[in-house]
Amino acid sequence: MRIGKLWSVGLAALLALGTSALAQGGGGDHRGPTSGAKSGGELQVYFVDVEGGQSTLFVAPGGESLLVDTGSAGGTARDATRIAALCKLAGVAKIDNLVVTHYHSDHVGGLPQLVGMVPVGRFIDHGVNREGVEVQGGAPTVAGWNAYQKVLGDGHAEHLTVKPGDLLPVKAMKVEVVSADGEVIAKPLAAGGERNAACAASPLKDAEGTENDRSVGMVITFGKLRILDLGDLTWNKERGLMCPVDKLGKMDVYIVSHHGLINSGSPALVDAIAPRLAIMDNGPRKGGAPTTFETIEGSSRLKDLWQLHTAEGSDAKHNVAESHIANLAGPDAGNYLKMTARMDGSLSMTNGRTGETVEYAAP
Ligand SMILES: [Zn+2]
């Protein structure tokens, strides 16, 4: 597609560009009509700072893109603007697949503003909203759902409702749905199936009964790498995935559930998946609970935890080193984190605030 675009500027101009320019993709102004990222054999994952919501952009080799959630709405379109800026940085001219994990406003709120900035090929979700205005905090959920339905009603994109066990129609990665609409997979994945010794350390908590319970959860496999994103799936719903048998198996990367709040991320989950890296999409005063830090940092294979923000409600002992935090306390520049993942299992993490990159060898 890139060559086709270049042809449109004429043969003479093409020849004038020379072969080296062509090999480099001709620069950022020559992106094709769909996702045009050039990422070699690497999966690029951008963790957008949406201030305690979620928005995670996956860009596979060849440019196929998957966005998980859209942050919050706002008069300044802060979150949609940040997501669109990272799409531009990543060379994504069209979001091929947009997963809405659930209908809370910190996940679906930015969607109507975002679709005005970056076109979307397909929306994916768990089906109807089941959280009404009678639930505490339900009014913004209903508003977010209604705004999303209006976008779907415009009919410019495909729409897919998924259930546990489904595979997303993504070509460059394997994306397995493990939870949706309050249900979880009935049988273990190929990598799972062991009895989980950590279940005893995860007594049940009070049921939540909100959209969090209904989050679309996904296991993303790229070569040897396995990445877990459960949205805001709650502690009790984790048990259905993890107890008494771990249905998921070991993960390389854990996108910390629910911003690191205490009602998700049980030892039954975290000890069993034993991630090598964890990335927490917390806000300055949302998520990043002390017990969440202790659970993650106590897991057996962890090399590093990264945070989008300093968790200002936790102390220095619980926050990671500043080099691994994208946004420190004080003026907020909305810095991102970026992960580069390779099929052999090696990884790197880049802090958008400092530009520094840390490499992690394949296990
Ligand atoms: Zn959330």
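What the table below lists for this structure:
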item: Enumeration of residues in region 48-65 that are in contact with an Asp or Glu (Cβ under 7 Å, 6 or more places away or on another chain) and more than 14 Å from the ligand (Cβ to nearest atom); result: Pro61, Glu64, Ser65
item: Residue that is farthest from Leu233 (Cα to Cα) [pool: residues in region 60-91 that are of a type in the set (A, V, I, L, M) and in contact with a Leu (Cβ under 7 Å, 6 or more places away or on another chain)]; result: Ala90
item: Residues of region 250-302 that turn out to be touching a Pro at 6+ places or on another chain (Cβ under 6 Å) and more than 25 Å from Asp79 (Cα to Cα), as a count; result: 2
item: Where a residue in region 240-262 is assigned to a loop (DSSP other than H, G, I, E, B) and its partner, wherever it lies, is within 16 Å of the ligand (Cβ to nearest atom) and of a type in the set (Asp, Glu), with Cβ under 9 Å and at least six apart; result: Val256/Asp281; Leu261/Asp232
item: So Ala77, is it away from the ligand (no atom under 15 Å from the Cβ), of a type in the set (A, V, I, L, M) and either within 16 Å of Ile124 (Cα to Cα) or free of Cβ contacts under 8 Å to residues at least 60 places away in the same chain (or both); result: yes
item: Near pairs, Cβ below 8 angstrom, 6+ apart or cross-chain, from region 329-345 (free of Cβ contacts under 8 Å to residues at least 60 places away in the same chain) to any residue that is part of a strand (DSSP E or B); result: Ala333/Asn327
item: Yes/no for Leu269 being in a loop (DSSP other than H, G, I, E, B), buried (at least 24 other Cβ atoms within 10 Å of the Cβ) and more than 16 Å from the ligand (Cβ to nearest atom); result: no
item: Yes/no for Asp125 being charged (D, E, K, R), modelled with pLDDT of 95 or more and within 16 Å of the ligand (Cβ to nearest atom); result: yes
item: Residue in region 316-333 that is modelled with pLDDT of 95 or more, surrounded by 24 or more Cβ atoms within 10 Å (Cβ to Cβ) and part of a helix (DSSP H, G or I) present; result: no
item: Top-ranked residue of region 137-178 - restricted to ones that are among the hydroxyl-bearing types (Ser, Thr, Tyr) and in contact with a Phe, Trp or Tyr (Cβ under 9 Å, 6 or more places away or on another chain), ranked as surrounded by the most Cβ atoms within 10 Å (Cβ to Cβ); result: Thr141
item: Residue in region 339-356 that is within 30 Å of Asn236 (Cα to Cα), of a type outside the set (Val, Ile, Thr) and not in a loop (DSSP other than H, G, I, E, B) present; result: yes
item: Single unsatisfied condition, Gly91 versus (1) crowded, with 24+ Cβ neighbours inside 10 Å; (2) closer than 25 Å to Asn351 by Cβ; result: (1)
item: Top-ranked residue in region 206-227 [being more than 16 Å from the ligand (Cβ to nearest atom) and not in a loop (DSSP other than H, G, I, E, B); ranked as nearest to Val135 (Cα to Cα)]; result: Val219
item: Region 94-124, subset outside any loop (DSSP other than H, G, I, E, B) and within 14 Å of the chain's Cα centre (by Cα), residue nearest to Val170 (Cα to Cα); result: Asn97
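The values are calculated or read from the model by the stated rules, or taken from the named source; none is laboratory data. These figures come from a predicted structure and were not determined experimentally. Don't worry about glycine lacking a Cβ; one is built from the backbone with ideal geometry, like all the others, and counts go over all protein chains shown.
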